[in-house]
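To start, the structure itself, in structure tokens.
The values are calculated or read from the model by the stated rules, or taken from the named source; none is laboratory data. Note that the structure is predicted; figures quoted are calculated from it, not measured. Because the Cβ atoms are built from the backbone with ideal geometry, glycine has one as well, and the counts that use them run over all protein chains shown. Heavy atoms of the whole protein, side chains included, go into the accessibility calculation; ligands, DNA and RNA do not. Shrake-Rupley method; radii C 1.70, N 1.55, O 1.52, S 1.80 Å.
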Amino acid sequence: MSRALVRAAAFGAALLTSAFVTPAATAATPTVDQLRVPGTTVQLTSTASAGTKAIAAQETKAVRATATMCGTGYKLNYAERLPDSRRYGTLFSYTKTNSQGFSGACAVFDNNMPGGMKMKLKLCPNRVHPTCKVDEGLFTEYAGPVKIEGSHSYVFCSKVTAIMWDGIAGPAIIDAVRSATPCD
């Protein structure tokens with residue numbers, strides 16, 4: 001095989017690689033701006049769902065406030081209207097990572113009802129008999145933040161529980177248990 005033919009084949013392979021491989025790799029890696037809630041400095045995790053992104057874009061004031069409560073280094077992992085589209089409350093979950101994986105989880109439960117509501121927010125690490133962080137009481141704005149920090153194995157697969165009651169002694173109108181971090 002001649003040198004010219006080898007060079008042409010190498011050039012063709014390089015061209016195909018740049019045309020088909022590079023754009024896919026670029027598209028799969030979101031930029032810092034793509035992982036920011038529009039109009040804020042709040043960062044989203046790379047695993048934040050389209051629903052989380054939509055709620056965050058609509059509720060920028062609440063996202064800014066809840067992110068500030070969690071502290072430096074936390075990124076919005078998910079936001080969910082509870083119990084459904086009626087939106088009596090919104091649960092915000094933030095995560096923090098380091099080179100070892102997850103190093104923190106933080107949750108805030110926003111009260112979207114008029115006036116004070118009896119609410120409970122509980123965040124438990126991934127343990128058999130965990131010591132949970134709890135904020136419970138009558139809240140006009142939000143319950144929390146509740147935060148756990150530690151090793152990846154401690155934070156990974158932690159659970160958050162959000163409960164809101166109808167009045168002081170009424171039935172629960174929200175009773176949700178979610179993963180506070182992505183959990184495989």
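Remarks
- Residue ranking by accessible heavy-atom surface, 1.4 Å probe, largest first, among Met113, Met119 comes out as Met113, Met119.
- Area accessible to solvent at Ile163, 1.4 Å probe radius, in Å²: 30
- Area of Arg127 that stays accessible when all protein chains are in place (1.4 Å probe, Å², to 10): 110
- Whole-Å distance, taken between Cα centres, linking segment 131-184 and segment 54-129: 9
- Normalised convex hull volume, segment 61-123, alpha-carbon set, Å³ per residue: 91
- Note: relative contact order over segment 48-178, using C-alpha pairs below 8 Å and six or more positions apart, is 20 percent.
- Binned Cα-Cα distances of segment 68-176, short to long, each 5 Å bin given as a whole percent: 2, 14, 23, 23, 17, 12, 6, 2, 0, 0
- Cβ-placed point charges (K, R +1; D, E -1), dipole of segment 108-181 about Cα centre in debye, nearest 20: 300
- Cleavage-rule hits (GluC sites (Glu not before Pro)) in segment 97-152: DSSP loop, at most 16 neighbouring Cβ within 10 angstrom: Glu141
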